[in-house]
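Working notes, structure below.
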Amino acid sequence: MVKEMRVKKSKYLLSYKEEDEYLLINIYTNQIYALDKFSSFIWEELDRTPIISDISRLIAKRTNEDILIIQKDLDGFFNSLSKGGLIKFV
């Protein structure tokens, strides 16, 4: 996946936040997805920074983790969201 890609949330999506976690519902498929605290942080960050490489750098800065590992993890996370119809790459 190209790291400079933008991510856009689906228009077929309802989201509910309780404390620090989200439930996401694809209203087209009626599938429900639960995000843990860290995944919810990334979900919220998409509203401010929809570019994957920017999110990778932000997480690396906050966690002092290797950016290549973060990028690999984010690729998996965003691919899962895409397969669930919750986001699309633009």
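Coordinate-derived values only; no laboratory data. Worth saying up front: this structure is predicted, and the values here are computed from it rather than measured. In this analysis, Cβ positions are derived from the backbone assuming ideal geometry, glycine residues included, and neighbour counts consider all displayed protein chains.
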Quick one: dipole size for the chain, taken about the Cα centre, charges +1 on Lys/Arg Cβ and -1 on Asp/Glu Cβ, in debye to the nearest 20.
440 debye
With Rg/Rh (Cα atoms, Kirkwood Rh) as the read-out, I listed [x] 1.17; [y] 1.08; [z] 0.95; which label goes with the value calculated from this structure?
[z]
Lys pairs in the stretch 7-90, Cα-Cα under 15 Å, at least 8 apart or on separate chains: how many?
7
Mean Cβ-within-10 Å packing, highest first, puts peptides 8-17, 36-45 in the order 36-45, 8-17
Among residues other than residue 26 whose Cβ falls under 14 Å from its Cβ, what is the net charge (Lys/Arg +1, Asp/Glu -1)?
+4
